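All remarks here apply to the structure that follows.
The values are calculated or read from the model by the stated rules, or taken from the named source; none is laboratory data. It should be emphasised that the depicted structure is a prediction, and the values quoted were computed from it without experimental measurement. Backbone-built Cβ (ideal geometry, glycine too); neighbour counts: all protein chains shown. These area figures cover heavy atoms from the full protein model, side chains too; ligands, DNA and RNA do not enter into them. Shrake-Rupley method; radii C 1.70, N 1.55, O 1.52, S 1.80 Å.
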Amino acid sequence: MTSKAENQARFGVPDNSMVFARGVRKSFGNVEVLKGIDLNVPTGSVACVIGPSGSGKSTFLRCINHLEEVSGGVLLVDGEFVGYDLRHGKLYEVNNKLLCQRRADIGMVFQSFNLFSHMTALENLIEAPMMVKGMSKAEAKEKAFALLERVGLSAKADAYPRQLSGGQQQRVAIARALAMNPKVLLFDEPTSALDPELVGEVLVVMRDLAESGMTMVVVTHEIGFAREVGDQLIFMDRGVVEERGEPREMIANPQSPRTREFLSHVL
Ligand code: ADP
Ligand code: MG
């Protein structure tokens, strides 16, 4: 196994990089969904990803999170390999234990909340820290209460998901991801399933996280959020990064006709 520093030197990963992708490819059968994605997300920054349905945004997040195996390219999270081009040689063995450890460092928040429906908010938060990290129940509970308070839901610790609004469920899902102390948080259209009046409360929590220095990759159609909170904006289309830039600049003055066309629909 190579060290983080060796990996970073070998692939020219910038200092302070949390997520680094170079030429990342992913095929399902003979359909290539990601056609060489490059991305660098510095630690403590927020990358927002936009793009039409089917462009490969979710697949890319799932590759970062080890939910899909990449077909090619270099992908590192905090200097550790997620994927690699076999032409570079086999750099590490992915066994299940390693996979679990790596996944525990990468939080994911889904469009559909994905809470355990038979568990209360509190139970949702303590499950993984106890099962995966071996935390004591007392410690996990203490942490869970603090996180529920952070997302404004300390009064809902004993509520089941069905007793919560969509916005509240998504805030619990964010707290649950945070309970694992992730190095990076991935969001896959976290507000797309919400009624419009509930979107704001989730975005407030996400903005607060960003301001606290959390490294985040956010797939979203909330252009206002991307403009105000994002450090970089990526427009994905048909499996490639069609355009990238500083969010305000790119939104005000998109260079690619495809970006312009897409933005005209979501602005
Ligand atoms: P987006 O999130 O941008 O809408 P996705 O990453 O979900 O795009 O999907 C990109 C393409 O990959 C779509 O054409 C989708 O049908 C295809 N795809 C995603 N997952 C799978 C899978 N497990 N098997 C086959 N095709 C898939
Ligand atoms: Mg998607």
request  = Please tell me if Val82 is open to solvent by 10 Å² or more (accessible area, probe 1.4 Å) and within 16 Å of ligand 2 (Cβ to nearest atom).
outcome  = no
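Which of the residues belonging to the stretch 8-46 are among the basic types (Lys, Arg) and either assigned to a strand (DSSP E or B) or within 16 Å of Glu243 (Cα to Cα) (or both)? Walk me through it before giving the result.
Here is the first cut: in the stretch 8-46, the residues among the basic types (Lys, Arg) are 10, 22, 25-26, 35.
Once the filter is applied, which keeps residues that are among the basic types (Lys, Arg) and either assigned to a strand (DSSP E or B) or within 16 Å of Glu243 (Cα to Cα) (or both), the stretch 8-46 yields Arg22, Arg25, Lys26, Lys35.
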ask   = Is it the case that the stretch 216-224 has a residue that's more than 16 Å from ligand 2 (Cβ to nearest atom) and either of a type in the set (A, V, I, L, M, F, W, C) or touching a strand residue (DSSP E or B) at 6+ places or on another chain (Cβ under 9 Å) (or both)?
value = yes
note = Among strands (runs of 3 or more DSSP E) completely within the stretch 195-248, the ones holding 2 or more residues that are open to solvent by 10 Å² or more (accessible area, probe 1.4 Å) and within 18 Å of Pro42 (Cα to Cα) are 240-245
message = Here's a check for you: in the stretch 13-67, which residue that is open to solvent by 10 Å² or more (accessible area, probe 1.4 Å) and on the phi > 0 side of the Ramachandran plot is nearest to ligand 1 (Cβ to nearest atom)?
response = Gly54
inquiry  = Would you confirm whether or not the stretch 95-107 contains a residue that is open to solvent by less than 60 Å² (accessible area, probe 1.4 Å), under 25 Å from Lys156 (Cα atoms) and at pLDDT 90 or above?
reply    = yes
ask   = How many residues does the stretch 226-253 hold that are basic (Lys, Arg) and in contact with a helix residue (DSSP H, G or I) (Cβ under 6 Å, 6 or more places away or on another chain)?
value = 2
query = Restricting attention to the stretch 181-194, which residues are within 16 Å of ligand 2 (Cβ to nearest atom) and either part of a loop (DSSP other than H, G, I, E, B) or of a type in the set (Ser, Thr, Tyr) (or both)?
reply = Glu189, Pro190, Thr191, Ser192, Ala193, Leu194
ask   = Among the residues of the stretch 190-203, is there at least one that is among the charged types (D, E, K, R) and touching a strand residue (DSSP E or B) at 6+ places or on another chain (Cβ under 9 Å)?
value = no
task = Please enumerate the residues belonging to the stretch 111-126 that are assigned to a helix (DSSP H, G or I) and either touching a residue at least 60 places away in the same chain (Cβ under 8 Å) or open to solvent by 40 Å² or more (accessible area, probe 1.4 Å) (or both).
result = Glu123
query = at pLDDT 70 or above, within 25 Å of Ala193 (Cα to Cα) and open to solvent by less than 60 Å² (accessible area, probe 1.4 Å) - does that describe any residue in the stretch 127-138?
reply = yes
